[in-house]
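The structure appears below as structure tokens.
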Amino acid sequence: MSEWVIETKGLSKRYRGRYAVSNLNLKIAKGDIYGFLGPNGAGKTTTIRMLLGLIKPTNGSVHVFGRPLHKERLKVLRKVGSLVEYPSYYGHLSAIDNLEAIRRILDAPAARIGEVLDIVGLAKEARRPVKGYSLGMKQRLGIASALLGNPELLVLDEPTNGLDPSGIQEIRELIKQMPKQHGITVLISSHLLNEVELTAGTVGIIRHGELVFQDTIERLQRQAKSQISLVVSEPEQAAAMMREQGLNVRLSEPGILLEDASDPAIAGVVKRLVERSHGVYRVEEKRKSLEQLYLQIVGEGGRP
Amino acid sequence: MMLKALSADLLKIRGKGIWFLVALGPVGVIAMQALNYGLRYDYLTKQYAGRLWETLLDNILMFVPIALYLGVTLVSSLLANVEHGTNAWKQLLALPISRNAVFGAKFALSVLLLAVSCCLLAVGTIALGLLLKFGTDIPYLAILRLSFLPFLASFPALALMLWLCMTMKNQALPVTLGVMAGVVSVFSPNLSEWFPLNWPIFGYEGPRQELFAGAGLLCGALILLVGAIHFNKKDVD
């Protein structure tokens, strides 16, 4: 119930007969960084807009802080900071005035503007019109706006879009601090796995509007199983021999791939190969990267 | 809550040239009459001797509806564009503020801006009359009626324009509609006085001025209500 900061039940959105998001059951725990992953067009932004009450779900419900969003939208939003897709700003105004325009609506203390500018590192540039900012600076201003109201929940939709590597690193560090220093729960969406892998504690993967994976990042990593690759002088004979032993073997250039093999089994294989005068050139472990696993999940939609 | 949004909106229009536009309307209308009287001062003062102020007001009135329609259109479009520009709607509407307050604040601000125009028109009329030496027997009430009753009668147009401009990202349609309304209003006074575009002019002329201003207020409120309901339900992309 209220232990979840965000909980959706059967959340769906239909556009002209096509479901952009269907039957989504998100569960985001307090103090967590939740990585919301999926390829472009999978329904991430649509979901986030529904979480913020910008669009109305066709079906299903959203509870934030245990409150029904459609009934207590204003109460909920008071504790939520958000950055949806690319940053919104008033280009002719300076960063300070941009934040002031939002502050007047939030009723936050005036000193908060300086604080959030410091947090995102824009204090020096704060008096210039925002239209002259680089994309990275606009993105940081967007995050500053999201932090302005001292939120308990931060919803960031692709916050590192368009940033250079050092900018991405900066934002990543910033996001990581949030739960630790301020007790803020963070929902961050991205189409880049390593982005989420480095920050998030829990991952939800969405594909064609459906949630196909939702668990901790460790579970996801554990599923990226290892394989042993053997390069030998006569691979076909060796593979046949291994199959006789009941091992899961696949021939693939330049050698043989062994899956789900225990350490003793591998030792046995090597011993037998040596006994039968095969040349053993290389025995190496190949981890299936998280990236491949992700692509597999996103590509097939099945649970790995 | 609407006041918070209004104060934020006041900040956002800074440096957008809206205040300049607000002054340009009445200054333009007055300047045209200054030119008119400047070119044929002797003829006009002889022809209309004895009712100089009345004639001046009638002359100014001819351009009030078109100026109003253009003003309504431009102010609505500029106010809406402040948010459309970088799609700031999604940021604004994700803040803890009701959509009614956002919509209401935009309407209040456009009324405020146009009311400033109306005040300038009143001041400009008096200044022009004095400059043309029409005497100090200034018909204050008539000038106030000229400046504000047509404005009240144009509320339906304002509510409609604001609604269209705020809900459509592409401003071509509402702006075209507004400019057309302005142009048509110059030629339409021959039609029935209840033709909606004629309300502003008959808000000053004729025996039933207050009726047209009242109808404008009522009809404007109705359109505003419908607009607000739609804005409330609309998905924000």
Note, ³J(HN,Hα) from phi for the range B:47-53, Karplus 6.51, -1.76, 1.60, rounded to Hz, x at Gly and Pro = 4, 10, 3, x, 9, 5, 4
Would you mind checking the tilt of helix B:99-131 against the longest principal axis of the Cα atoms of chain B, expressed as 0 to 90 degrees and rounded to 10?
-> 20
With the 8 Å Cα cutoff and a minimum separation of six or more residues, the range A:225-287 has a relative contact order in percent of 51
Tell me, what is the percent relative contact order of chain A, built from C-alpha pairs under 8 Å that lie six or more residues apart?
-> 20
If you build a Gaussian network model of chain B, linking Cα atoms that sit under 10 Å apart, which residue out of B:63, B:134, B:103 swings the most?
-> B:134
If you put +1 on each Lys and Arg Cβ and -1 on each Asp and Glu Cβ, how big is the dipole of the protein assembly as shown around its Cα centre, in Debye rounded to 20?
-> 720
Counting Lys and Arg as +1 and Asp and Glu as -1 over every other residue whose Cβ sits under 12 Å from the Cβ of residue B:81, the net charge comes to +3
Residue-averaged beta-carbon neighbours from other chains (10 angstrom radius) around A:102-114 = 3
Tell me, what ³J(HN,Hα) does each residue in the range A:232-243 have, in order and in whole Hz, if you take phi through Karplus 6.51 cos²θ - 1.76 cosθ + 1.60 with θ = phi - 60° and put x for Gly and Pro?
-> 10, 6, 10, x, 5, 5, 4, 5, 4, 4, 5, 4
Extension gain from residue A:262 to residue A:111, taking 0.36 nm per residue of separation minus the Cα-Cα distance = 48.3 nm
Using the charge dipole of chain A (Lys, Arg: +1 at Cβ; Asp, Glu: -1 at Cβ; taken about the Cα centre), state which of A:200, A:90, A:274 has its Cα farthest towards the positive end.
-> A:90
Ranked by how many other beta carbons lie within 10 Å on average, peptides A:143-151, A:206-214, A:245-253 from highest | A:143-151, A:206-214, A:245-253
Straight-line reach from residue B:46: which lysines have a Cα under 23 Å away, not including same-chain ones fewer than 8 places off?
-> B:133
Chain B: most fluctuating residue of B:33, B:171, B:91 per GNM, C-alpha cutoff 10 Å = B:91
In this model, which of A:138/B:233; A:9/B:12; B:12/B:233 are farther than 28 Å apart at the alpha-carbon?
-> A:138/B:233; A:9/B:12
Other chains' Cβ within 10 Å of A:87-98 residues: what's the mean?
-> 5
Helix B:172-187: inclination vs chain B longest Cα principal axis, degrees, rounded to 10, gives 20
Once you average over the residues of A:72-83, how many Cβ atoms of partner chains fall within 10 Å of each Cβ?
-> 3
What angle, in degrees between 0 and 90 and rounded to the nearest 10, separates the Cα long axis of helix B:2-12 from the longest principal axis of the Cα atoms of chain B?
-> 80
Normalised by the number of residues in chain B, what is the relative contact order in percent for Cα pairs under 8 Å and 6+ residues apart?
-> 29
Of B:189, B:139, B:26, the one that fluctuates the most in a GNM where chain B has Cα springs shorter than 10 Å = B:139
With a Förster distance of 35 angstrom and the Cβ-Cβ distance between residue A:59 and residue B:179, calculated FRET efficiency to the nearest 0.05 equals 0.20
Give the residue from A:186, B:53, A:147 lying farthest towards the positive end of the charge dipole for the protein assembly as shown; charges sit on Cβ (+1 for Lys and Arg, -1 for Asp and Glu) and the dipole is referred to the Cα centre.
-> B:53
Let me know the charge dipole size of chain B about its Cα centre in debye, to the nearest 20, where only the beta-carbon of Lys, Arg (+1) and Asp, Glu (-1) is charged.
-> 560
Calculate the spin-label point distance for residue B:19 paired with residue A:23, positioning each point 7 Å from the Cα along the beta-carbon direction, and give it in nanometres.
-> 5.8
Amide H within-cut-off set for residue A:122, under 5 Å, with H built and near neighbours excluded = none
Counting each DSSP H run of 4 or more residues in the protein assembly as shown as -39500 (n - 2.57), what helix-only mean residue ellipticity at 222 nm follows after dividing by all residues, to the nearest 500 deg cm²/dmol?
-> -17000 deg cm²/dmol
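Only the coordinates and a few stated rules stand behind these numbers; no lab work does. What you see is a predicted model, and the numbers here were worked out from it, not measured in a lab. Heads up, the Cβs are rebuilt from the backbone with ideal geometry, glycines too, and the neighbour counts pull from every protein chain shown.
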